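Chemist: Would you mind keeping the following structure in view while I ask a few things?
The values are calculated or read from the model by the stated rules, or taken from the named source; none is laboratory data. Treat the numbers as computed from the prediction; the structure is a model and nothing was measured. Because the Cβ atoms are built from the backbone with ideal geometry, glycine has one as well, and the counts that use them run over all protein chains shown. To get the accessible areas, we keep the full protein, side chains included, count just its heavy atoms, and leave off ligands, DNA and RNA. Shrake-Rupley method; radii C 1.70, N 1.55, O 1.52, S 1.80 Å.
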Amino acid sequence: MTNPEPVGPRDLHADELRDEIAQLERYPRRSNTQDARLQALRDESADRDDRRARLRTAAGNPNAGERAHNSPVPGRDREGGLIDFGPELIGRARRVIDDAHTRRGLPDHGAERVERLLASGIPGQSELCARWAASVGSEAYEAAFRKVFASPHFGHLEFTEPEREAWARGQDAVRALGTSPGSAGGFAVPLTLDPTVLLTNDGAINPLRQLARVEQIATTTWQGVTSAGVSSAWVPEATEFGDDSPTLAQPEVTPLKGGSFVPFTFEVGMDWANIRTELARLLVDQAGLLQAGAFTTGTGVAQPTGVVTALTGTASDISTAAAGVLADEDVYGLQNDLPPRFQGRAQWAMSLPIMNDLDQRETGNGAKKFPGVAEGRLLRRPVNEVSDMSSTVATGQHVMLYGDFHEFLIVDRIGTTIELVPHLFGANRRPTGERGMLLWFRSGSDVLVPNAFRMLTIG
């Protein structure tokens, strides 16, 4: 038997993974390259099994993966009956999520994010999210989306019956989320491509997503309750307790619309194998880049309220001791000024030039004044690079943030919407052989407790 050399890495389905492992294991003699490939495949298989087990546990549905294909049409049970509400719909959504996670590239953090939405307990939200996930997360919907993406006018003529049903369910889900589908508006992006699901917390594009509290909602506005805390006191025997009622606030964060227009050629639209990966990257990148600046310095008018904007002019906005100067004492003073209850989870945020400024400061004998900055630590707390913060030491510039970033909230409304423009035209009003992708999503942000932060402003 001839031992063929393995090809490069591929995104294999579980059955393909098992087949290749079995084939390599049958070879009586394997090259070092084949041994390495076999071990990599075994590791990948074990990782997938572990992820699948964790997802099923989170879903409370240990047989989810085995039943993922029993209902070929999203929203119908095996007998063809409609599943429109309650536990059956949520169960269907969880099976679709499991299938997307194990077979179609939905990452761990994306699957867990949707699971949290299904288990939110917010009246109406779980069922809205389940209806959306069960519809746009199905393989049939993704196949229908691919055909419409390649041919906006005629793609629907190629739908199979499961794809037609899935597409109709997807449009119903879009309406339930408050967006007009079809010719009056857009249609939902498949779950496996949706940036409101795929945007990660790894800080690669937008470090504030790593630091902040991030919530997904299916409603118009996030509403919460905050408090400065309950007071406590020692009380002598047989003495009346005091009234320690906290002062409550009810902050609201409304997601606002952002988006982009991306042209692509007919040829690219037809080559789904390549465009699917590229489309996911484009959607996530454009959303992350747009949000990065808004979450830092957004005005709050037709865009999110950035953390710097929210703190400007408040009691948490601290000026340097000397005008136009960032002194060592200002850094120590900013940290000392934060109340003790927020110090435990406090972190720093600043631009790279300010970090490098601090890292270069030395004492008279050459010792660093702020050791550890190069390794991401400042005065025993993590320091994070936020490129949209000011890098200039000049009057009025906000150069440093220190605080508990769990009190800064980012809200994503699930359900990114897309509309395809069938033809783009050149200067002579003739088609260019391109289509356009008009995409929009909704995100918002705001500081929930200003006292959880201190911001240093050059005086």
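Chemist: Write down Rg/Rh for the range 95-137, rounded to two decimals, with Rg from the C-alpha atoms and Rh from the Kirkwood relation over Cα pairs.
Modeler: Computed over Cα atoms, the ratio is 0.97.
Chemist: Per residue, how big is the convex hull of the range 238-364 when only Cα atoms are used? Give it in Å³.
Modeler: In the range 238-364, the Cα hull volume divided by residue count equals 284 Å³.
Chemist: Same structure, new question: What does the charge count near PHE405 come to, summing +1 for each Lys or Arg and -1 for each Asp or Glu among other residues with Cβ under 13 Å from its Cβ?
Modeler: Taking every Cβ under 13 Å from that of PHE405, the sum is +2.
Chemist: Then there is this: On the principal axes of its Cα set, how long, how wide and how thick is the range 314-417? Give whole Å, largest value first.
Modeler: Principal-axis extents of the range 314-417 (Cα, largest first): 58, 30, 29 Å.
Chemist: Between the range 319-385 and the range 129-150, how many Å separate their Cα centres?
Modeler: Centre-to-centre distance over Cα atoms comes out at 48 Å.
Chemist: Ok, one more. Take the Cα gyration tensor of the range 361-443, multiply each eigenvalue by 5, square-root it, and list the three semi-axes largest first, rounded to whole angstrom.
Modeler: 48, 20, 13
Chemist: Just by accessible area at a 1.4 angstrom probe, what is the order of SER260, SER232, SER319 from largest to smallest?
Modeler: In descending accessible area the options line up as SER232, SER319, SER260.
Chemist: Sort 387-395, 299-307 by packing, meaning the average of other beta carbons within 10 Å per residue, with the highest value first.
Modeler: 299-307, 387-395
Chemist: Take the Cα atoms of the range 303-362, build their convex hull, and give its volume per residue in Å³.
Modeler: Convex hull of Cα atoms, per residue: 140 Å³.
Chemist: Let me ask something else about it. Run the 1.4 Å probe and let me know the accessible area of ILE21, rounded to the nearest 10 Å².
Modeler: Rounded to the nearest 10, that gives 20 Å².
Chemist: Quick check: net charge around VAL307, other residues with Cβ under 14 Å of its Cβ, Lys/Arg +1 and Asp/Glu -1?
Modeler: Here the charged neighbours net out to -2.
Chemist: Ok, one more. When only the heavy atoms of the protein chains count and the probe is 1.4 Å, how do ASP330, ASP19, ASP243, ASP357 rank by accessible area, highest first?
Modeler: If we order ASP330, ASP19, ASP243, ASP357 from most to least accessible, we get ASP243, ASP19, ASP357, ASP330.
Chemist: Net charge near ARG175, counting Lys/Arg +1 and Asp/Glu -1 over other residues with Cβ under 13 Å of its Cβ?
Modeler: Result for the local shell: +1.
Chemist: I need the peptides 23-33, 213-223, 110-120 ranked by packing, meaning the mean over residues of other C-beta atoms within 10 angstrom, with the highest value on top.
Modeler: 110-120, 213-223, 23-33
Chemist: Beta carbons within 10 angstrom, averaged per residue: use that to sort the peptides 144-155, 93-104, highest first.
Modeler: Listed from highest to lowest mean packing, they are 93-104, 144-155.
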